[in-house]
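Everything below concerns the one structure shown next.
The values are calculated or read from the model by the stated rules, or taken from the named source; none is laboratory data. Fair warning: this is a prediction, and the values are worked out from it, not measured in the lab. Because the Cβ atoms are built from the backbone with ideal geometry, glycine has one as well, and the counts that use them run over all protein chains shown. Note: accessible area is taken over every heavy atom of the protein model, side chains too, but ligands, DNA and RNA are not part of it. Shrake-Rupley method; radii C 1.70, N 1.55, O 1.52, S 1.80 Å.
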Amino acid sequence: MRVAHGRHRMPLAGSALAAALVLGACGGAPDARQPTDVVATLSEQIATVVLVHWTTSVPATGYVEYGPTQQLGARTAVETAASLDHTAVVLGLKADAPAYFRAVSADNGAPVASSGVESIRTGVLPVGLPALTQTGSGYDGFVVVPILGATTAVVIIDSRGDIVWYHSDDRQLDFYRARLSVDGKSLIYNAAKISGEPSPSSELVRVSLDGTQSTSIPVPFLAHDFVEHADGTVAAIAFEDRQDAAGNLVRGNKLVEIAPDGTQSTIWTSWNCFDPVATPGDDPKQGWTFANALDYDAAAGAYYVGLRNFSSIAKVNRATGACEWVLGTYGSTFTFAAGAPRFLHEHQFDVHGNRILIMDNDGAPGDESRVLEYELDVTAKTATPVWSYMANPSVYTFVLGEPDRLADGSTFVNWSTAGQMERLDPGGASVWKLNTDAGFAFGFQTLTTSLYGGGISP
């Protein structure tokens, strides 16, 4: 075995197991699927990504087991097609640290032969990324998120607060959302302009996870957020300008879908559901609706669109472009009980069943942000507050921010411009926290339990 860009080590403790896998059932003959000529290199673009290449004497499928110790513990995805030449991209490694690995041949996903365990040392992170401080326990996944500040980058952070993947972009644009692609091969982020005039040069950018390829799709006047469908179609919020009857500029929004073949189509605009005279919003300096958050419910065939200047969230039918309901202040189809807490200038949210979590940026007294949860009765059109949370000590995120309700009933909260994330247990107690250096902020986050497809929170 050869190891490039790292210190060569002799085979380690896993070699006994490897030898057992190599021996076949027929007289102890070596399995022709045994990985040979194993070479490990660091990605030239991302110092925490390791590329492992190996060969087999007969066509086979395989994967790489790896981890921070000789016990390994993680694995890449199993190859989908049998081959003589194999390459795996090893993700999730800490910078400037040893990584242990071995190549494994598989039959229907089960190991049948392997190389010995070897190691390579990852490189250092580039200058300019912030130091992160993680405390507590109880979150075991990864966070895919843009980091905003003196250095702007898209990163993946593990549960220990280590940046394990990064990509810098020198466009003079804003990066507010990043997502792992549904095919598990790349990361997608939006390069847009939110502060000031939107940019006609905005793009959706796709970067391969090994860092070797970067492509982009021009989508003029992109806004904060986008989603990707299971078939690879991407839907994004963009700005749209129209003139009213008096010739005045009205800046609304639209949803643009980009099909896998690159075809772009508008499937909804602010004008589908609202009239700028009857429903003017409350912050004309930011435009009319100022849509700033987007989610998609595949089962319902509906988008959820956050409208910052309406302090409202709309459920939009994907097929018709009609608003099925609106929750909030302007244009709302729901009523709230007297004295119920209301959200103001919200950003991201999470619809789960008949409940919705909302990042309430400005609704609390003073410079404090909070998360509000409502139970929705879509028949009676009532919204009942059922839970709220403020950080301790309290924080204020004047833009962005995102809550996620996880499958076990816990809650993940990103207080974006405060440079803080935390996970709350099902009872609402903060058990895990991540903070940036001063002067940095987090964009919207995507949570995932795996960097190899699947495991991504909605």
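Tell me which residues, restricted to region 111-150, are over 22 Å from residue 98 (Cβ atoms), in contact with a Phe, Trp or Tyr (Cβ under 9 Å, 6 or more places away or on another chain), open to solvent by less than 60 Å² (accessible area, probe 1.4 Å) and not in a loop (DSSP other than H, G, I, E, B).
136, 143, 144, 145, 146, 147, 148
I'd like the full set of residues that are over 22 Å from the mean Cα position of the chain (by Cα) and surrounded by 17 or more Cβ atoms within 10 Å (Cβ to Cβ), limited to region 255-270.
Once the filter is applied, which keeps residues that are over 22 Å from the mean Cα position of the chain (by Cα) and surrounded by 17 or more Cβ atoms within 10 Å (Cβ to Cβ), region 255-270 yields 267, 268, 269, 270.
Hey, any hits in region 385-401 for a residue that's closer than 28 Å to residue 185 by Cα and not small (Gly, Ala, Ser)? Spell out the reasoning first.
Residues of region 385-401 that are closer than 28 Å to residue 185 by Cα, as a first pass: 400-401.
Keeping just the survivors that are not small (Gly, Ala, Ser) gives 400.
Taking every residue of region 385-401 in turn, at least one turns out to be closer than 28 Å to residue 185 by Cα and not small (Gly, Ala, Ser).
Conditions (1) buried (at least 23 other Cβ atoms within 10 Å of the Cβ); (2) in a loop (DSSP other than H, G, I, E, B), marked per residue:
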site: 384; (1), (2): no, no
site: 391; (1), (2): no, yes
site: 403; (1), (2): yes, no
site: 412; (1), (2): no, no
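Among the residues of region 182-193, how many are of a type outside the set (Gly, Ala, Ser), crowded, with 22+ Cβ neighbours inside 10 Å and under 13 Å from residue 172 (Cα atoms)?
Selection size over region 182-193: 1.
With the structure loaded, tell me whether residue 439 is within 21 Å of residue 224 (Cα to Cα) and at pLDDT below 95 or whether it fails that test.
Working: within 21 Å of residue 224 (Cα to Cα): yes; at pLDDT below 95: yes.
Considered against the rule, which asks whether it is within 21 Å of residue 224 (Cα to Cα) and at pLDDT below 95, residue 439 comes out as yes.
Checking residue 179 against (1) of a type in the set (D, E, K, R); (2) more than 19 Å from residue 142 (Cβ to Cβ); (3) in a strand (DSSP E or B), which test does it fail?
(2)
Quickly run through region 338-363 and pick out the residues that are open to solvent by less than 10 Å² (accessible area, probe 1.4 Å) and not charged (D, E, K, R).
Going through region 338-363, the residues open to solvent by less than 10 Å² (accessible area, probe 1.4 Å) turn out to be 343, 346-349, 356-361.
Of everything in region 338-363, those that are open to solvent by less than 10 Å² (accessible area, probe 1.4 Å) and not charged (D, E, K, R) turn out to be 343, 347, 348, 349, 356, 357, 358, 359, 361.
Of the conditions (1) aliphatic (A, V, I, L, M); (2) within 25 Å of the chain's Cα centre (by Cα); (3) within 26 Å of residue 161 (Cα to Cα), residue 72 clears all except one; give me its number.
(2)
Please determine whether any residue of region 166-176 is part of a strand (DSSP E or B), open to solvent by less than 10 Å² (accessible area, probe 1.4 Å) and in contact (Cβ under 8 Å) with a residue 24 or more places away in the chain. Lay out the reasoning, then the answer.
As a first pass, look at region 166-176 and keep what is part of a strand (DSSP E or B): 166-168, 174.
Add one more test, that the residue is open to solvent by less than 10 Å² (accessible area, probe 1.4 Å), and what stays is none.
No, every residue in region 166-176 fails to be part of a strand (DSSP E or B), open to solvent by less than 10 Å² (accessible area, probe 1.4 Å) and in contact (Cβ under 8 Å) with a residue 24 or more places away in the chain.
State the number of residues belonging to region 98-110 that are open to solvent by less than 20 Å² (accessible area, probe 1.4 Å) and not charged (D, E, K, R).
Qualifying residue count, region 98-110: 6.
Given the options 226, 221, name the one that is modelled with pLDDT of 95 or more and at positive phi. Break it down into steps so the answer makes sense when it comes.
Working: 226 fails: at positive phi.
Exactly one of 226, 221 is modelled with pLDDT of 95 or more and at positive phi, namely 221.
What residue, among those in region 350-381 that are within 18 Å of residue 303 (Cα to Cα) and of a type in the set (A, V, I, L, M, F, W, C), is farthest from the chain's Cα centre (by Cα)? I'd like the intermediate steps shown before the answer.
To start, the set of residues in region 350-381 that are within 18 Å of residue 303 (Cα to Cα) comprises 350-359, 376, 378.
Those left that are additionally of a type in the set (A, V, I, L, M, F, W, C): 351, 356-359, 376, 378.
Working: 351: 17, 356: 20, 357: 18, 358: 18, 359: 17, 376: 27, 378: 29 Å.
The qualifying residue farthest from the chain's Cα centre (by Cα) is 378.
So how many residues does region 204-226 have that are surrounded by 20 or more Cβ atoms within 10 Å (Cβ to Cβ) and not in a loop (DSSP other than H, G, I, E, B)?
8
Taking residue 346 as the residue in question, decide whether it is among the acidic types (Asp, Glu) and closer than 23 Å to residue 179 by Cβ.
Working: among the acidic types (Asp, Glu): yes; closer than 23 Å to residue 179 by Cβ: yes.
So residue 346 passes the test.
Take the residues of region 285-337 that are under 16 Å from residue 360 (Cα atoms) and either modelled with pLDDT under 95 or part of a loop (DSSP other than H, G, I, E, B) (or both): which is least open to solvent (accessible area, probe 1.4 Å)?
Within region 285-337, the match that is least open to solvent (accessible area, probe 1.4 Å) is 311.
Of the residues that sit in region 372-398 and are touching a Ser or Thr at 6+ places or on another chain (Cβ under 6 Å) and not aromatic (Phe, Trp, Tyr), which one is nearest to residue 349 (Cα to Cα)?
372
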